[in-house]
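The values are calculated or read from the model by the stated rules, or taken from the named source; none is laboratory data. Keep in mind the model is a prediction, meaning the values are calculated, not measured. Glycine gets a Cβ as well: all are built from the backbone with ideal geometry, and neighbour counts include every protein chain shown. Accessible surface areas use protein heavy atoms only, side chains included; no ligands, DNA or RNA. Shrake-Rupley method; radii C 1.70, N 1.55, O 1.52, S 1.80 Å.
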Amino acid sequence: MEILWVLMALVMLGFVLIPYLRRRRGAIEQVPAGHPDAADPANYGFLRQEELDVRLPGPDQDLLDVLDLVQRTQDHRAASQLLAGTEKEDEQRWQRVQAFAGAASLELQQRPGGVGETPGGQWLRVWRAEAPKDPGGAAVHAEFLVQQAWRTATPGTDEFRIIMEEAREACGQAALLAPGDPIPCIVELSVARGLAYSQPEFEKLWLKILDRAPNHMGAHLAALHYWCEKWHGSRELAMSFAEAAAARAPQGSLLAALPLFAVFEHLPEVNLVRGFYQSEVVTKAVHGALFAVHAARSDDPMQAHVRHLLLFFLVRCERWAEAMNQLIHIDGHVGALPWTLSADPAAEFAVYRALAVAGYEANGGSPATLLR
């Protein structure tokens, strides 16, 4: 009888640990090479894993050209000109500010400098010194400080707080240089999360953004983090925020996809519910996101973000044809959730892509039947 109890305990332990190991943060096992279910994504014209661009969620050739020029010459002027020519309420401007700040932060990480050595990201320091009243440079500097805090320090430590306080001051300076520009306030959303603004403080900041860019998808995604359970809110507050934004979204807005991001942020670490990805809450959020991408402008720079997350959920839901439809639009770029949470975004994306292809072909699909 004692042996029977031991065996039952081992079986129950397996039911708990195996899903945890396989599904932690939604991870999925890779189909091994040579497996009969494995399919070749190259047959569909998809890029090889090593060719995937991890820098951006989707194409922005002007940004990539300017980034290459700035990093090669260490001359900031092309970056300044690109931002000056991008509408301040445009989602693309926010993405470009993030990209320039991220490039400078990574350069500094790779070349921290030392005796007789110039540190990486020097072009951003020169930009701020030579053009202190340039609102683009001020916004990039504020975002750079935010990324430095998250990249180099631990939340809650004195080092983290010092960098974040400097970032908050930089946000204020950037806002003074560009009245009505939502970008400095959007940068401050991350500061608010890091410094644990009170809810009234956060809502005051959020009202400034709503007044300047009420339908800014990037701003809503940044604000959603604050309301999540792992930061300063709860699952209920995050879903309420996302659903309210989706409900008031104008025609063609990607805000209808925001609940899907809220669901992702609160995925269970251990999924013990059978059919979780077929549940009503997931199905409803997926349908909202599908509606959003179908209704949005084809050139909306936030479309790629939504399609990447849709790919993740559609594969988990085993909706293979719809997953393949997302791949048609996003393959080649992997700089978006959920892949960026992985140490190797390209490899993580490639796993889900292979599963989508295998599932599609197992249900009768082929390159000839995939509509483009």
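Work through the residues other than residue 162 whose Cβ is under 13 Å from its Cβ and net out their charges, Lys, Arg +1 and Asp, Glu -1. Please list the in-between numbers first.
Numbers: positive: 161, 168; negative: 158, 159, 165, 166, 169.
Net charge around residue 162: -3.
Can you compute the modelled spin-label distance between residue 248 and residue 362, with each label point 7 Å from Cα toward Cβ, in nm?
Between residue 248 and residue 362, the simple spin-label model gives 4.4 nm.
Tally Lys and Arg at +1 and Asp and Glu at -1 over the other residues with C-beta under 13 Å from the C-beta of residue 96: what net charge comes out?
Overall, the nearby charge balance is -4.
Can you give me the relative contact order of the range 207-282 as a percent, contacts being Cα pairs under 8 Å and 6 or more apart? Please report the intermediate quantities before stating the final value.
On the way: 61 pairs, mean separation 18.6, N = 76.
Computed value for the range 207-282: 25 percent relative contact order.
Sorted by mean Cβ packing within 10 Å, highest first, what order do the peptides 339-345, 97-103 take?
Values: 339-345: 15.1, 97-103: 23.3.
Ranked from most to least packed, the peptides come out as 97-103, 339-345.
Mean separation of Cα pairs under 8 Å and 6+ residues apart, divided by the residue count of the chain: what relative contact order is that in percent? Walk me through the intermediate numbers first.
Working: 476 pairs, mean separation 78.9, N = 372.
Relative CO of the chain lands at 21 percent.
If you fit an axis through the alpha-carbon atoms of helix 199-212 and take the longest principal axis of the Cα set of the chain, what angle between them do you get, 0 to 90°, nearest 10?
Helix 199-212 and the main axis of the chain meet at about 80 degrees.
How much accessible area per residue does the chain have, counting only protein heavy atoms and a probe of 1.4 Å, in square angstrom?
I get 49 Å² per residue for the chain.
Would you work out the charge dipole size for the chain about its Cα centre, treating the Cβ of every Lys and Arg as +1 and the Cβ of every Asp and Glu as -1, and quote it to the nearest 20 debye?
Charge dipole of the chain: 420 debye, to the nearest 20.
Quick check on the chain: helices-only [θ] at 222 nm, where DSSP H runs of length 4 and up contribute -39,500 (n - 2.57) each and the sum goes over total residues. Nearest 500, please. All intermediate terms of the calculation are to be shown ahead of the outcome.
Numbers: 16 runs with 227 residues, N = 372.
Theoretical 222 nm ellipticity from helices: -19500 deg cm²/dmol.
Considering amide H positions built from the backbone, and no H for Pro or chain starts, which residues 5 or more places from residue 333, or on another chain, come under 5 Å of its amide H?
53
Would you mind checking the tilt of helix 91-110 against the longest principal axis of the Cα atoms of the chain, expressed as 0 to 90 degrees and rounded to 10?
With both axes taken from Cα atoms, the answer is about 90 degrees.
Quickly work out the residue 321-to-residue 230 label distance, labels modelled 7 Å from Cα along the C-beta direction, and quote it in nm with one decimal.
3.5 nm
Have a look at 264, 251, 311 and report the one farthest towards the positive end of the charge dipole of the range 243-314, computed about the Cα centre with Cβ charges (Lys/Arg +1, Asp/Glu -1).
The residue sitting most towards the positive pole is 251.
Under a point spin-label approximation (7 Å from Cα along Cα-to-Cβ), what is the residue 278-residue 154 distance to one decimal in nm?
Output for this residue pair reads 4.4 nm.
Which order do the peptides 238-245, 128-135 take when ranked by the mean count of other beta-carbon atoms within 10 Å per residue, highest first?
238-245, 128-135
For 226, 360, what's the largest-to-smallest order of accessible area, 1.4 Å probe?
360, 226
Which of the lysines could a cross-linker bridge to residue 204, judged by Cα under 30 Å and excluding same-chain residues fewer than eight apart?
Counting by Cα, and skipping residues close in sequence, residue 204 has these lysines nearby: 88, 133, 230.
Assigning unit charges at the beta carbon (Lys, Arg +1; Asp, Glu -1) and nothing else, what dipole magnitude in debye, to the nearest 20, does the range 249-372 show about its Cα centre?
Values: 8 positive and 11 negative charges, 50 e Å.
Roughly 240 debye, rounded to the nearest 20.
What does the net charge come to around residue 106 if you take all other residues with beta carbon closer than 11 Å to its beta carbon, with K and R at +1 and D and E at -1? Walk me through the numbers before you get to the answer.
On the way: positive: 55, 111, 151; negative: 107.
Its environment carries a net charge of +2.
So for 189, 176, what's the accessible-area order with a 1.4 Å probe, most first?
The residues order as 176, 189, largest area first.
Carbon-plus-sulfur fraction of the accessible area of the chain, 1.4 Å probe, in percent? Let's see the in-between values first.
Details: 10190 of 18370 Å².
Carbon with sulfur: 55 percent of the solvent-accessible area.
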